[in-house]
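Please read the structure below before turning to the comments.
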Amino acid sequence: MTALPAETIETTAVQLRTWLATGMLAQAYPQVRGLLAGLDDAGLHRAGAVLARLDAGEVLAAHPSTPVVTIAVTGSCTVEPILAPLAAHLARHGFLLRTQVGAFGQYAVELADPHSELSRCAPDITLCLLDAHIVFDQLPTPWTVPEVIAVLEETSALVAQIAQAQHRPGTLVCTTVPLPAHWAAQLVDYRSRAALGAAWRRFNADLLDLGERPGMVILDLEPLICDTPRAYDPRVATYARVCFSDPLLHRLAREVGHLVCSVRGRTRKCLVLDLDGTLWGGVLAEDGVDGLEASGGYRGAAFQAFQRVVKQLGSQGALLAVCSKNDDAAVREALHAMPGLALAEDDFVAIVANWEHKPVNISRLAERLGIGVDSMVFVDDNPVERDMVRAELPEVAVIDIERAEPALHSERLLLDGWFATQEVTEEDLARTARYRAEGRRRHCRAGAGTGTDYLAQLHTTVELFRPSPADVARLAQLTQRTNRFNLTTQRLDGPAVRRMLGEAGTLVLAVRCADRFGAHGTTGAVFARWQGDVLDIENFLLSCRVLARGIESACLNAILSGAQRVGAVAVRGRYRPGARNQKVRELYRQHGFADRGMDASGTECYEHDLSRLPAPVSHISLTSDWPGL
Amino acid sequence: MSIDDFLTLVQAEVGLPLGAADLDTDFDDLVAWDSVHLLKLLTALEGSVGARLPVPQLLESRSLRQVHGVLVTR
């Protein structure tokens, strides 16, 4: 949430409306994302009103590579009011929204029927908005709590059935069902009110449990409602069956926007923090360590609460980094010596403290970590620094916080789920330590004579193995997070990976590697399919952490020789250009594959006839349980 | 609220480029208009006049000028 002036919000809306009126909006769509950056809900609300009118087909005709997200919306109430917020929140992340709205109140039928329009539009996400009418519409007047409980149980079973019968690809997203105050208030005794409240929460808890199922996400509205001043307006609910207020729909659309990011490989990876006024109060260079507010007093406690939130995010895979205008030694000393500071130097993968321009520091940091600047989130209390980063690195998500009120820092950071992911894997938990080991590797590299010496000194081991069901979440995450070494950028969710593991004629291999500085964990995958006696590699991907040391060559060699041993006559590979995978375009050619032209979808095809296998990579020791002859 | 201010606010809320000529057009004939827009207007109109508006009357309006009428005669 930001403090953009009202004129900026109005200018954005006017600009969008002018483009719409003059038929230019589709043409101008690539500029929309930049216009929306930093808008608050009011601004996004107005922008969404225009964007919801845009024909996705026109945008695609003008800009065929725009990433499209199809969302089918259904529910027990009028769902149209969420379309504008969805259009705005998707555009904000660079996506183009295509929607299909279900018939009023027909959610149960439409979700269960694989031939309904809702199912046939092949949605990436099906969003089902449920409200208290699903229960009270079925009750007589007067009603009793036991009657409510009986209907809740039936409804719970119905939703579970829908979840189970999920036949569509993509993710089914359901909301929990809020209970507006006027229902419980119609009961005059406290015991009945408590019984209704308890039964309602059990129902929502059962719903939330459905989120354990693959391909299903339940968005808990209760925390969002706590933050929304007017979540339910009886007038629009009565007259138009709109059971969620605009502010609540915006919160919900915001969540869906980040869910889409997580499915499409746009989850942010690194949280870059300023120090003075952001992580602690005061100015290190002027006040010294003893003069800073990091834990004690009113403001100190507020800063400490923020530090804890940062640490919490870091513990689940977000890489933490410092970018501060300070002297390096002073910052390290402060991180070490400051009493009560909830974060230590070890919690950060990088500390960049110098007097250089922050956008330059952030770009260098991204390069050093091997991630794109579009994977970074930047928090700074200084509006000048924020504006510079916004202007020079528009891909960075910039979070506005105010030095004067540190108690709002956490809320601002957490308003957007920049680090939202489908599932936290073991990799996430170990990520910071692994990136820190990378720092030690760099040190070793600087000390080694030549690149070859360095690679030899690393003692890299690679294990190419058939994944078990326990590896599914990590493999899905790899397809979603990996951008550079991702040959076809085909993103798979958990259910898709699981399907592929179980299908006949497929070959899925995972790549695990380690070296003398530590384990890298599962950092790569190969998805292939047998076409007769030809092995067709549909996708091959490796985490950027393990590039530039020949692991890809070792893996390809193992696949080629393995395929030969089981009687294959050729191995095919493909490359499909994505936003950031240009560096691997030559991969197959470099490994002896012959060019086989381009297919209709723009995918380049390659083939290796297995007549001459490449030489093994001498500095890597590879083991594999495939083909296991 | 003047009719011009009203029109500006309607444009912003529903995202439609509207002109004075559209004020008297029946909603059925107003291109791309739908009933959800009246509800969107409700919050914005109430915010700008600082008072609650009669929703049934708003919903029964057939044109933007009638909506404006509800606003000024409340």
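Here, each number is a calculation from the coordinates, and none is a lab measurement. Not measured: the values here are computed from a predicted model. When we count neighbours, we look across all protein chains shown, and the Cβ atoms used for this are built from the backbone with ideal geometry, even at glycine.
Expressed as a whole number of Å, what is the distance separating the alpha-carbon centroids of region A:304-327 and region B:21-65?
48
What is the antiparallel percent of DSSP beta bridges lying wholly in region A:490-591, to the nearest 5?
If we restrict to bridges inside region A:490-591, about 85 percent are antiparallel.
Of all DSSP beta bridges in the protein assembly as shown, what percent run antiparallel (nearest 5)?
40
Restricting to region A:368-513, compute how many DSSP beta bridges are antiparallel as a %, nearest 5.
Around 50 percent antiparallel, to the nearest 5.
Pop the C-beta distance of A:Ser561 and A:Ala504 into the FRET formula with R0 = 30 Å and round what comes out to the nearest 0.05.
Computed FRET efficiency for A:Ser561 and A:Ala504 comes out at 0.80.
How far is it, in nm, from the label point at A:Ala615 to the one at A:His336 when both lie 7 Å from their Cα along the line to the Cβ?
It is 4.7 nm.
Take chain A, mark every one of the trypsin sites (Lys or Arg not before Pro) that falls in a DSSP loop and has at most 11 other Cβ within 10 Å, then report the longest stretch left between them, sites excluded.
A:231-611
How much length is gained if the chain between A:Glu607 and A:Trp355 is pulled fully straight, taking 0.36 nm per residue apart and subtracting their Cα-Cα distance, in nm to one decimal?
Length gained, A:Glu607 through A:Trp355: 85.6 nm.
Identify the residues of region A:219-261 with backbone N under 14 Å of a label point that sits 7 angstrom from the Cα of A:Glu395 along the Cα-to-Cβ direction, or state none.
The answer is none.
Between B:Ile3 and B:Glu46, what is 0.36 nm times their sequence separation minus the Cα-Cα distance? Round to one decimal in nm.
Taking 0.36 nm per residue and subtracting the Cα distance, the gain is 13.9 nm.
Could you work out how far apart the two model spin labels at A:Arg230 and A:Phe465 are, taking each label as a point 7 Å from the Cα in the direction of the beta carbon, and quote it in nm?
A separation of 5.8 nm, rounded to one decimal place.
Assuming 0.36 nm per residue, please report the length gained on full extension of the stretch A:Ala205 to A:Ala404 beyond their Cα-Cα distance.
67.7 nm
Using the count of nearby Cβ atoms within 10 Å as a rough guide to exposure, how do A:Val384, B:Val49 rank from fewest to most?
Fewest-to-most ranking of A:Val384, B:Val49: A:Val384, B:Val49.
Report the FRET efficiency, 1/(1 + (r/R0)^6), for A:Asp220 and B:Asp28, where r is their Cβ-Cβ distance and R0 is 35 Å, rounded to 0.05.
E between A:Asp220 and B:Asp28, to the nearest 0.05, is 0.30.
Among A:Gly417, A:Gly505, A:Ala433, flag the residue with its Cα farthest along the positive direction of the charge dipole of chain A, charges on Cβ as +1 for Lys/Arg and -1 for Asp/Glu.
With unit charges placed on the Cβ atoms, the residue in question is A:Gly505.
Please average, across the residues of B:34-42, the number of beta carbons from any other chain that are within 10 Å of each residue's own beta carbon, and give a whole number.
The shielding value for this peptide is 5.
Between A:Asn382 and A:His63, what's the calculated FRET efficiency when r is the beta-carbon distance and R0 is 45 Å? Round to 0.05.
Step by step, r from the Cβ atoms, then E = 0.80.
Please arrange A:Thr425, A:Thr603 by counting, for each residue, the other beta carbons lying within 10 Å of its beta carbon, fewest first.
A:Thr603, A:Thr425
For the residue pair A:Thr141 and A:Asp599, what label-to-label distance in nm results when each label sits 7 Å from Cα along the Cα-to-beta-carbon direction?
My value for the distance between the label points is 6.0 nm.
Residue by residue through region A:555-562, which ³J(HN,Hα) values in whole Hz follow from phi under the Karplus form 6.51 cos²θ - 1.76 cosθ + 1.60 (θ = phi - 60°), with glycine and proline marked x?
Along region A:555-562, the couplings run 5, 4, 4, 5, 5, 4, 6, x Hz.
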